[in-house]
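Colleague: Please see the structure below; I have some questions.
Here, each number is a calculation from the coordinates, and none is a lab measurement. Bear in mind that the values here come from a model prediction, so they are computed numbers and not experimental data. Because the Cβ atoms are built from the backbone with ideal geometry, glycine has one as well, and the counts that use them run over all protein chains shown.
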Amino acid sequence: MAAIAHTHPSHPQLREPPLPPGSSSASAFAPASVGNIGVGFDLLGHAIDGPRDIARVRRIDAAQVRVDAVRGAVAGTDAIPLDPERNTAGRALQALREALALPWGFALELEKGIPLGSGLGGSAASCVAALVAANALLETPLPREALYPFALDGESVASGSRHGDNVAPMLLGGVALATPGRMLALKVPDWLHCVVVHPDQVLETRRSRAALAEPFPLQIVVAHHTHLALFLTGLQRADPELIAAGLRDVLVEPRRAPLIPGFAAVKDAALVHGALGASISGGGPSVFAWFASLAQAEAAAAPMRAGFAAAGFDARSHVSAVAGPRAELLP
């Protein structure tokens, strides 16, 4: 079989153990995520300990992928298509089957816990959870790196493009660098914590991306690259001053912020309470902020929610280590 993923030489591929012989089903969860992390558009993301999607996958004799059910308390779940070609998880499993030329198929059930159109990676979580569960049913499970292209196939159904800033941190945990051909886990200091606030708003990914259609002036692009370099160096050195200097999105945030009522107040509340930086989570409308301690993050959560309340929207907040969990099998 041809190679289906690239792996950095310093990160050897680790194969996950298969389930006990005779197992015909597996369940897995995938966490929510913060895509882009402000300065890393379509390039960076990190997992959070908060909402999650769960996939239950059964091995079936028919050489096909079926999406049997989509459930959950998330509003709009009943509108998620069961057609595997139009379902992120279904398409990801189709890509896995096709690449491995499997003579059998998968039946899938999804339990949605991540709100739709929230900027928390809900479409990505469904396909990652499904892939992790299906992978466990293979005679020889693939390493996480090899699941990445299939996750990109699934994610593209929702976003219209193959970007890995959500699926990569879900597969690896913590902060991940996602390129078209590989994903890499980045160092994350254990003192880094985040607050993610999700308002009762829906902002579809395609609409959010449409706001970026016009060209960007060169000086803005150069400034953005400067911030990205400072941010990545700050992570590598565990330097909060460098992280704060870099965590400033001058490229995407100015165009998307007008689509999110209350954004400015939420960001201001985070910065007033000591955030290293704050911006839009993924395509929005959720807003995230990074802090140098858990205590600071916990203290900022309520004021950040109040920023959305002042704009007329209820909101929920999640406080998490930036080094959030990766997708895993469930017992």
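Colleague: Take peptides 174-181, 253-260 and line them up by average Cβ neighbours within 10 Å, highest first, as a rough protection proxy.
Modeller: 174-181, 253-260
Colleague: Among Ala130, Ala55, Ala310, determine the one that fluctuates most according to a GNM of the chain built with springs between C-alpha atoms less than 10 Å apart.
Modeller: Ala310
Colleague: Given N residues in the chain, what is Rg(Cα) / (2.2 N^0.38 Å)?
Modeller: 0.96
Colleague: Taking a ≥ b ≥ c as the square roots of the eigenvalues of the Cα gyration tensor of region 281-321, is the shape rounded (a/c under 1.5), prolate (a/b larger than b/c) or oblate?
Modeller: Judged from the Cα gyration tensor, region 281-321 comes out oblate (a/c at least 1.5, b/c at or above a/b).
Colleague: Also, I was wondering about something else. Mind pulling up the Rg/Rh value for region 226-293? Radius of gyration and Kirkwood radius, both on Cα.
Modeller: We get a ratio of 0.98 for region 226-293.
Colleague: Could you check the spin-label model distance between Asp61 and Glu214? Points 7 Å from the Cα along Cα→Cβ, value in nm.
Modeller: Spacing of the two 7 Å Cα→Cβ label points: 6.0 nm.
Colleague: Pick out the long, greasy-scoring helices in the chain: whole DSSP H runs spanning 20 Å or more along their own axis by Cα, mean Kyte-Doolittle at least -1.0.
Modeller: 122-136, 144-159, 218-237, 294-310
Colleague: Then there is this: Per 5 Å bin, what percent of the C-alpha pairs of region 193-321 does each bin hold, from zero upward?
Modeller: Result, from short to long distances: 2, 12, 20, 21, 20, 15, 8, 2, 0 percent.
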